[in-house]
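The values are calculated or read from the model by the stated rules, or taken from the named source; none is laboratory data. Just so you know, these numbers come straight off a predicted model, no measurement behind them. Here the Cβ is made from the backbone with ideal geometry for all residues, glycine too, and neighbour counts use every protein chain on show. To get the accessible areas, we keep the full protein, side chains included, count just its heavy atoms, and leave off ligands, DNA and RNA. Shrake-Rupley method; radii C 1.70, N 1.55, O 1.52, S 1.80 Å.
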Amino acid sequence: MAASVGFEAETEFCIAVNSDNDLVAARRKGRVLAEQIGFSGSEATLVATAISELARNIVSYAGRGEILLSTVGNGSSIGITVIARDQGPGIADTRRVLEHGYSTSGGLGLGLPGVRRIMDEFDIISAPGLGTTITVTKWKRR
Amino acid sequence: MAVPILKQSHYLIATIQSALTDADLVQLRDALADKVGKFRSRGVIVDVTALDVLDSFASRTLRDISYMIKLRGAETVIVGIQPEVAFAMVQLGIAFEDVATALDLEEGLLYLDKKQKLGQHGSQRGF
Amino acid sequence: MTKEEIFAEATSVYDNYVEALETGTFEALQSYSRNLSERIIPRGVQTDEVVGIVLLLRDVLARSLFAKYQTDFRLLNRILDAYEPAANRIANTVAVGFVQERERIIREQQEAIRELSTPVLQVRERLLILPIIGVMDPQRARQLTEQLLRGIRANRARVVVIDITGVAAINSNVANHLVQTVEASRLLGATVIVTGLSPEIAQTLVNIGVDLGKMNTVGDLQGGIEEAERLLGYKVVPLTETTQQV
Ligand SMILES: Nc1ncnc2c1ncn2[C@@H]1O[C@H](COP(=O)(O)OP(=O)(O)OP(=O)(O)O)[C@@H](O)[C@H]1O
Ligand SMILES: [Mg+2]
C-alpha cells in the first residue's frame, strides 16, 4: 500500500491492536503523548476518545491491526496524528460510513462521524480486500 | 478487572475503579441485571468517576444497563462523569437522553430516594 | 533603565553580536534576545528602542571597520561583504525575538480577557449563572463550555442558568456548541435553563434541528432564576410574608 502520510512525522508509539484489551493501552498512550505536547485535559480526552473509536473498529471489523501515534508540527503549531490501520475486509463506500447512524454491526454508527468531528483532520483510505487506513490529526489550540 | 458491586439497603452501588475493557463492562452489565433480580433492588448507581474516556461502546453499555434494570422494575443513575469526559461525549454525538445522571454518589442516592418517594407517578428527571 | 543597566545591556548585546559574527551561529543570540525581551517588555520598552540599539551597534561596528581598513580597499570590500549580511541577520534576529515575545504576551492577555468575559457566578448554593455578553465565536463558546463544566463540578451545582440576553446573534456552529453545553451539563447531573433567547437565536437553533420544547427556556434572567429556585426546592415568598415570619 502506498504511504498515506503526506508530511514528516515521527512515529512515537506503535500499538498492536489484537483485542479489546489493547484499547486501554492505546488510549492511555494517546493521552500521555497529548499531555506531553501541552494539550489541555479536555483536548487530551478528545484524542483518547478518538483512538478508542478507531481501535475498536479495528477489533470489531478487521480483527487485528495497529495504531500509530506521532506528534506533528507545521512550523507554527503542534499536533497529534493517529493512524489506525488494518488489513481487514476494507470498506466499499467510504463516504457512507461517515454518515451519522450508518452501521453494519447494529452499532450506533457514530464512531467515525464522531471521530471526524472531534479531530481537525480526517482521512480514510480503504478498498474491499485491501484493508483500511484512517489518519486523523488534532492540532493544539493556541 | 471485575467491578465490585455493593448492596446498600435496597440499592446496588457499582464503583468502577479503573479503566475497563469492553469485556469488563459487559460483565458489569450482566452482573447488575442478575443482582437486581436476586436482591429485589429498587435502584442502581454506577459510579464512573474513575473513567477518563466514555466512548460509543461504553456509553451504549451504560445505556443498556439502564434499560435492563428498568425492565426489572428498578432505576439506574450514572454518577461521576468527569467534565472533560462529558465534553468529549457530546462532541462525539452520544445522546444519553434517557439515562439519568447525577454529580456524584451522594447526589445519586438523593436522586434514587426522590424517585422512590415519587413512586410510579414521577417521571421527573434530574435530581 | 539606569545608566548602568543600559551599559550592561549594551555590553552583552555587543558580546553576543561579536559571537554571532565570529561563529556564524545565532542560537546564543536568539536565546539572548528572547531573554532580553522578557525582561524589558514589562518595563514598557518599545520596539523602536530595541531595534535602534541594534542598528546603532551595527553602524558603529561598520565604521570601525571602515576606519581600520580604509587603506586597503579590496580587503575592506571583502570584509563588508561578509559583515553586512551577518549584521542584518543579527538585527533581524533581535527584532523578531522581541516582536514574538510581545505577541505571546498579547495572546496571554486575550486569554485572560476571555476568561473574564465569561464569568461563572454562584448566586446560591447549587445554582450557577452564566451571563454571556458580546460576540460568540467558536473558540469562546468552547472555552465557556469547559469553564462551566468545571464550575458545575467545583460548586456541585444542580441548576445552571445561561443568560444570553447580551448575545445578538450566533451562527450555527456556536448554536451547536450551546446545545452541546446543555447536554454536557446534564451528563454532570445539572439542569440547564436558557434565558434571554432572542427570536433570531431561537430561529438559528430551530434551523440546526434543535427541539426547543426539549430545551429548558425561560424568557428573562429573573424568571430563569425563579424557575431554578423552584427546581432547587426553594420557596419564593413575598418580602412582607418573610418579615411576618421573623
Ligand atoms: N477498520 C474497519 N474495517 C472495515 N470496516 C469498518 C472499519 N471501521 C469501520 N468500518 C465500517 O464502518 C461502519 C461505521 O463505523 P462506525 O465506527 O462509524 O460505527 P459502528 O462501529 O458501526 O458503531 P459505533 O462506533 O457507534 O459503535 C461500521 O459499521 C463498519 O461497517
Ligand atoms: Mg465504531
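List of remarks:
- For the range C:120-162, residues that are within 9 Å of chain B (Cβ to nearest Cβ), within 17 Å of the chain's Cα centre (by Cα) and either part of a loop (DSSP other than H, G, I, E, B) or basic (Lys, Arg) (or both) total 1.
- Leading residue by the ranking (surrounded by the fewest Cβ atoms within 10 Å (Cβ to Cβ)) among those in the range B:26-56 that are away from ligand 2 (no atom under 16 Å from the Cβ) and in a loop (DSSP other than H, G, I, E, B): B:Arg40
- Failed condition for A:Ala55, given (1) within 20 Å of B:Leu51 (Cβ to Cβ); (2) away from chain B (no Cβ under 14 Å); (3) not charged (D, E, K, R): (2)
- Listed here are the strands (runs of 3 or more DSSP E) enclosed by the range A:8-116 that have at least 2 residues being on the phi < 0 side of the Ramachandran plot and of a type in the set (D, E, K, R): A:10-17, A:78-86.
- Screening C:Phe66, C:Phe98 for residues that are in a helix (DSSP H, G or I), touching a Ser or Thr at 6+ places or on another chain (Cβ under 9 Å) and not aliphatic (A, V, I, L, M) leaves exactly one candidate, C:Phe98.
- Matching residues, the range B:21-58, being under 27 Å from B:Leu118 (Cα atoms) and within 16 Å of ligand 1 (Cβ to nearest atom): B:Arg29
- Selection count where residues are over 19 Å from A:Ile67 (Cα atoms) and near ligand 1 (Cβ under 9 Å from one of its atoms), scope the range A:95-127: 15
- Taken as a whole, the structure leaves B:Ser59 outside the set of residues that are in a helix (DSSP H, G or I), within 14 Å of chain C (Cβ to nearest Cβ) and more than 16 Å from ligand 2 (Cβ to nearest atom).
- Qualifying residue in the range A:86-94 (condition: more than 12 Å from ligand 2 (Cβ to nearest atom) and open to solvent by less than 20 Å² (accessible area, probe 1.4 Å)): yes
- Check on A:Ile118, within 12 Å of ligand 2 (Cβ to nearest atom) and open to solvent by less than 30 Å² (accessible area, probe 1.4 Å): no
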